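Trainee: Encoded as structure tokens, here's the structure I'll be asking about.
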Amino acid sequence: MSGHPSMDRRLYEFDRGRNLALVGGTKISKYHVTRSITTREQHLQTKGRSVIRKHQQISDIVVGEEPNVSAKDVLLRWARKSTHRYPDVQIKDFTSSWRDGLAFNAIVHRNRPDLINWREIRQKTIRDRLETAFYSAEKVGVTRLLDPEDVDTHEIDEKSIITYVSSLFDAFPEPPATHPLYDNEAQSLTNDYREVASSLHMWIREKTTIYSERTLPGTLNDLVRMVQDCSKFRTVEVPQKHVNRQELARLYTDLQKIYESTGEVEIEPELHIDVLERNWNKLMTLHAEREQQLQDEIKKFERLDRLADRLSRDCKRVDSRLDDVESRVKEEAKRLDRLHPMDAKRNADSIESEMRNIEESIQSMNQDLLTLKAVGHQAWPSLDKKVNKLHQKWVSLRSMLHQKLIARLASISFPVVEERTVTRQTRTVLETRMVETNHHFRSLQQAIDWCNNKLKQLQENEYGNDLAGVKIELSHHQREHKEIDRFQQTVEQCAQAKNQFQGEEQSLYIQHLNTLHKVYSELLTTSNKRLSDLESLLDFLQSLQNQMTWLKEKENVEVARDWSDPNINLQNVEQYHDSLMSELEKREVSVRSVIERGNALSLQGHPASKTISRWNELLKETWSRLLQFSLACEVHTLATRKYQEYSRDLREAEAWLQSRDELLNTIYSASEFSLDEGERLLKGMQELREELNGKAAQFAELAARAPSVPPIKQRRQPVARPIQITAVCNYNSDNVFIEKDDTWLLHDNSALTHWRVSNLSNRTTDTNVPSVVFLIPPPGKEPLEGAERLNRAFERTTTLWQRKQTRLRQNMIFATIRVVRSWDLAQFIGMGPDQRSAIRRALNEDADKLLSEGDPSDPQLRRLRREMDEVNRLFDEFERRARLEDEQKVALREFTEHANNLQSQLDEFERVLNQRIVSSISRDVHSLEHMVLQHKEFETDLKALTPQIESLQSNYNALPRKTQPLQVKVENILQQWNTIWNYSHLYVERLKCIEIVLASLDEAKNVVSELEVKLVSFGEMPTDLEPLRNIHDDLIRLQNAIAARQPVVDQLIDDATNARRVVVRSRDRTSERDHHDLDRLDDEVNNVTRRWNDLCANLVERLRSCESAFTLLEGFGKTYQTE
């Protein structure tokens, strides 16, 4: 490698001289810079070779996990998974996503949180983050292939990042399940929030779906029920869920506090508090709108009900008016010959005017009927029949009016004034003549009749009762519709023929032509509507048939399932049932859609509404039946599980009892064993008894469960006589209606899927019903027999335990007797009196209990009685010997206590004496006198121990057994006693010596001071001979006095030497080797001795001077006399 592209940019620049400088740093020599560059190039070459090796391994690491997925994509997916839920970490590529260093740190922290402090790492600079990540990864064996400057740049090498990330993949192939940023408390709080939020979210979504529906029911009762549901939702459900909202708000606040350091709350988007609040507000809006819509619809229905009531009243009123008109027509027809033509004409006009008014009322009623029909009002069919009946009655009455009055009046001559009045009747006569004489009129009339006949035919045609019938009707009507379309040509021909007439005939022809156009238009409209109705009906029935096919298939599965198999795989059944319920939940929308389409067609007034309603009801019944069968499946599943659990528990209980019988007949039947083994066996027997006691409740519970266990196998066993069975679901088919929990009679169960049953109230009439509908109620013979069998086995095991436990107790007593016989006195005494008494008492109690419970003639019990007598005698002998041992131990213990007490007193005396010996010698007489008195008390107290010492010796001599340690202890006490007395005497001698030294020292000091004063009193030498002689004589006398006092000084020196000897001797048991108090005393003695010596020397010097002066003065006198 020739160099690194960023080295010159980052590290160095020329300074035009011999030195190079770091960018903003200290100057270094060119040699060192060259060495640094060379070292870095070698490092980069090594790193490059590592990168090449790692690139060769990346594909091996990740390729092969999924087809058609590159290694890079898999590695990117792993990186995202490892850094999931880390704030501010978004990995989108292998370049810029890694620059800030958070991604590297997140991967290491996710797998080794002990190496990185995530909260601190987010506060660091980018370079520090990268350095921390690479250093931490290096600790777990990831080769450092990158440096911070390789990543913190705008030109990141993607291959290098991929290579290093693959190294991290090698070290951490799968992130841990527990996220280190979220502790248990946070997880628990998050789970609580998620649980409440999920429940609220599901409730909001469910209610939103309900209240988003804008389809309304067709009856007022259903509307009122829906309004009541809305009111219940507002007053009951909403307050309850509002509490959940408040709880969510509190939990979310707590989560925000916990996740404050990580930056976000990790919750699914749909469960976020803001999303839930928006959905909540949306639901409240939808509910308000739905409630308002229902209120409006109720008002509308109430208005329509009022309209229907008014229409019903109008029908009665019009019917009454028609009856009145009919009576008038009949009456006027009878009076026509007797009335004046003008009066008859006025009466006829009056009746015709009434007929026109009635016609207008009927037309108004038809308009109201159309309103009711448009909304599918329930009263519309009956009212439509009434109005049609009234219309037919009106038409019939009009014909009667024309026949009995108007036609007869047309043949009567009227004055000119009345000519216009009979114009219509005249035209009626003309119309009849033209139809009979003119072929155009006849063709026109035939066309009108054809259209009316077709219209009547179409109105009378059926729509079919099933899918096949509807297909046939649709095919037939398609042909009819084509024929009606072709009839358009005939209508056009009739329209062209109007030019063949003029005047009143043309006007009459045009009037009939308009009738043709009107009738044909109605025919074409009716045909188109019938075609549309048939197509919509066919589409509805096809959709319904698809749902019915699926429902029948699932129903057949439920019917065919064999619930008489006690070993049926309930897990598979439950999985299938869960799958079925899930499919039903998904398909419910489709089924509801089909039903709603049928209801919509019926509400829209579809002519085949009866067929639609019938199929709708059939679909509802099939849907309901499948739901009921699924409910029956749950009941049968619970019953079968109850049977299987009971059978399993019964088998386990019987197996457990059998295993305990084997234990009792093998392990617990041993006759020879040690005490430890016996204790273990007794403990085992007691544990076994506790197990039996514990199992007793379980077995009793099993026996109590037996009467409630359904007899599953009885479903396939032949029925000898009718038995009562219970319906587990509702069932409605043909003439059979069964409600849940009804009791029926089973006559024949030979068929697996269908049973022949009858109602309790009508036992003679039976019918076949799917067996899944019924459950044979408990109790069953098999569970009861099992419970009885278990009870007998339990009693047998309990009896066996009692017998084995009695034999084990006997053998345990014999084993205990053998152990007691093997004891020696030491073992007997070593147990202690309480334990010995407890053993003997327990042994006798057990033996007495066995003897009282058993047969006196039992050989084992007679043997037990003999051996118990022997062992009791052995216990008595051991007790006697143990008492002797106890007495000796008491004497020894008392002696030991006496010796220890005496020892402690001597130790205290010795401590006090040593303390006094070690203390410094007194320097004054008063203190010395106090010490003497104090030590006299000490010796008095010590002498008081003399009787105890003598008692100790006598007691020791009286001991029956003297041990070496005990002898040593006594000798030590006596030796200590003697030693204390010896040192006490030595201490007394020391006090005496010190007292003598102090007295001699005072005397010597006084003598020396007195002589020094006398010596100092001799002043200057006199010049006369006689005074000089006197002084000399005084000095001689002083010298004699000093010589007389010399023994005092000598005695002081001897006393000081003797005192040192005694003090040092008294301190020979201490570690103290420096006697500073003696040294100070010697210093005082030496000081007095030195003063004495100085005094003697001065006296000698003064005598010598005096003698010399005397000699000199005497010679000078002689010389003076001589001269």
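Trainee: Of the peptides 104-111, 808-815, how do they stack up when ordered by the mean number of other Cβ atoms within 10 Å, highest first?
Mentor: In decreasing order of mean packing, 104-111, 808-815 become 104-111, 808-815.
Trainee: Assuming R0 = 30 Å, can you tell me the calculated FRET efficiency for the pair Q976 and Q934, based on Cβ-Cβ distance, to the nearest 0.05? Don't jump to the answer; show the numbers that get you there.
Mentor: Values: r = 21 Å, r/R0 = 0.72.
Here the calculated transfer efficiency is 0.90.
Trainee: Moving on. Hey, which of these cross-link pairs are over 20 Å Cα-Cα: K454/K610; K124/K257; K139/K159; K889/K962; K241/K299? Spell out each step's value before the answer.
Mentor: Details: K454/K610 23 Å; K124/K257 23 Å; K139/K159 23 Å; K889/K962 12 Å; K241/K299 31 Å.
Over 20 Å Cα-Cα: K454/K610; K124/K257; K139/K159; K241/K299.
Trainee: Between Q506 and D449, what's the calculated FRET efficiency when r is the beta-carbon distance and R0 is 22 Å? Round to 0.05. Intermediate values should be presented prior to the final figure.
Mentor: On the way: r = 21 Å, r/R0 = 0.97.
After rounding to 0.05, the efficiency reads 0.55.
Trainee: Once you list every other residue whose beta carbon is under 11 Å from the beta carbon of I107, what net charge do they have if Lys and Arg are +1 and Asp and Glu are -1?
Mentor: Computed value for this residue: +4.
Trainee: Additional query: In Å, what is the Rg of the alpha-carbon atoms in segment 1008-1106, and how long is Dmax?
Mentor: My reading of the Cα-based Rg and Dmax gives 19.4, 68 Å.
Trainee: Still on this model: Taking K and R as +1 and D and E as -1, what net charge do the other residues with C-beta under 14 Å from the C-beta of R911 add up to?
Mentor: Net local charge, R911 excluded: -2.
Trainee: Here's another thing I want to ask about it. Which length gain, in nm to one decimal place, applies between A600 and A826 when the Cα-Cα distance is subtracted from 0.36 nm times their residue separation?
Mentor: 70.6 nm
Trainee: Based solely on its DSSP helices, what 222 nm [θ] is calculated for the chain when runs of n ≥ 4 H residues each add -39,500 (n - 2.57) and the sum is averaged over all residues, nearest 500 deg cm²/dmol?
Mentor: Using -39500 (n - 2.57) per qualifying helix, the result is -26500 deg cm²/dmol.
Trainee: Related question: Please list, by residue number, everything in segment 981-996 whose backbone N is under 12 Å from a paramagnetic label point 7 Å out along Cα→Cβ of D941.
Mentor: Hits in segment 981-996 for D941 at 12 Å: none.
Trainee: Treat every Asp and Glu Cβ in the chain as -1 and every Lys and Arg Cβ as +1, leave all other atoms uncharged, and give the resulting dipole magnitude about the Cα centre to the nearest 20 debye. Let's see the in-between values first.
Mentor: On the way: 162 positive and 179 negative charges, 1208 e Å.
Charge dipole of the chain: 5800 debye, to the nearest 20.
Trainee: Under 11 Å from the 7 Å Cα→Cβ point of T798, by amide nitrogen: which residues of segment 666-692?
Mentor: Counting backbone N atoms under 11 Å from the label point, the list is 692.
Trainee: Something else: From the Cα trace of segment 438-541, what convex hull volume per residue do you get, rounded to a whole Å³?
Mentor: 74 Å³
Trainee: A further question on this structure: For K386, list the lysines whose Cα falls under 17 Å from its own Cα; do not include residues on the same chain fewer than 8 positions away.
Mentor: Candidates past the 8-residue exclusion: K316, K373.
Trainee: Sticking with this structure for a sec: Sorted by packing (mean other beta-carbon atoms within 10 Å per residue), highest first, where do 288-301, 156-169, 883-896 land?
Mentor: The peptides rank, most packed first, as 156-169, 288-301, 883-896.
Trainee: Please give the length that would be gained between N732 and R80 if that part of the chain were fully extended, namely 0.36 nm times their separation in residues minus their C-alpha to C-alpha distance (nm, one decimal).
Mentor: Between N732 and R80, full extension yields 229.0 nm more.
Trainee: Do any of K334/K389; K385/K471; K740/K781; K943/K969; K207/K620; K282/K552 go past 32 Å between their Cα atoms, and which?
Mentor: Violating the 32 Å Cα-Cα cut-off are K282/K552.
Trainee: Shifting gears a bit: Out of the chymotrypsin sites (Phe, Trp or Tyr not before Pro) in segment 554-630, which ones are loop residues according to DSSP with at most 16 other C-beta atoms within 10 Å?
Mentor: none
Trainee: Follow-up question, since we're still on this one. Can you pull out the trypsin sites (Lys or Arg not before Pro) in segment 312-406 whose DSSP state is coil and whose Cβ has at most 16 other Cβ atoms within 10 Å? Mind dumping the intermediate values first?
Mentor: Working: sites: R313, K316, R317, R321, R328, K330, K334, R335, R338, K345, R346, R356, K373, K385, K386, K389, K393, R398, K404; in loops: R338.
Qualifying residues, ordered by number: R338.
Trainee: Moving on to the next point. Please sort 978-989, 690-701, 441-452 by packing, taking for each peptide the average over its residues of neighbouring beta carbons within 10 angstrom, highest first.
Mentor: 441-452, 978-989, 690-701
Trainee: Calculate the FRET efficiency for S1105 and R1080 from the Cβ-Cβ distance with a Förster distance of 51 Å, rounded to the nearest 0.05.
Mentor: 0.85
Trainee: Please work out the ratio of the alpha-carbon Rg of the chain to 2.2 N^0.38 Å and round it to two decimals. Numbers along the way, then the final one.
Mentor: Numbers: Rg = 67.6 Å, N = 1123, 2.2 N^0.38 = 31.7 Å.
Dividing the Cα radius of gyration by 2.2 N^0.38 Å gives 2.13.
Trainee: How far, in nm, would the chain grow between T764 and R911 when pulled straight, counting 0.36 nm per residue and subtracting the alpha carbon separation?
Mentor: Taking T764 through R911 to full extension adds about 40.8 nm, to one decimal.
Trainee: Right, here's the next one. Mind checking the alpha-carbon convex hull of segment 97-182 and giving the volume per residue in Å³?
Mentor: Convex hull volume per residue, Cα atoms: 86 Å³.
Trainee: Can you divide the C-alpha Rg of segment 797-894 by 2.2 N^0.38 Å and report the result to two decimal places?
Mentor: For segment 797-894, the normalised Cα radius of gyration comes out at 1.32.
Trainee: Between D748 and residues 5 or more places away or on another chain, which pairs have amide H atoms under 5 Å apart, with H built 1.01 Å from N, and which residues are they?
Mentor: Answer set, sorted by chain and number: R756.
Trainee: Using a basic spin-label model with each label point 7 Å from the Cα along Cα→Cβ, how many nm lie between D1050 and A1097?
Mentor: Each label point lies 7 Å from its Cα, and together they span 2.2 nm.
Trainee: What nm distance separates the two modelled labels at T253 and T95, each placed 7 Å from Cα along Cα→Cβ?
Mentor: For the pair T253/T95, the computed spacing is 4.7 nm.
Trainee: For segment 899-998, what number results from the quotient of the Cα radius of gyration and 2.2 N^0.38 Å?
Mentor: Against the empirical 2.2 N^0.38 Å value, I get 1.31 for segment 899-998.
Trainee: Could you give the nm distance between label points at D855 and M284, where each point is 7 Å from its Cα heading toward the beta carbon?
Mentor: Label-label distance for D855 and M284, simple model: 9.0 nm.
Trainee: Under Stokes-Einstein, with the Kirkwood radius over Cα pairs standing in for Rh, what whole-number D in µm²/s applies to segment 521-615 at 25 °C and 0.890 mPa s?
Mentor: Translational diffusion coefficient: 153 µm²/s.
Taken together, the values in this text are just the output of simple stated rules run on the coordinates, not laboratory data. Predicted, not measured: the structure shown is a model, and the values here were computed from it. Methodologically, a virtual Cβ is constructed for each residue, glycine included, from the backbone with ideal geometry; neighbour enumeration extends over all protein chains shown.
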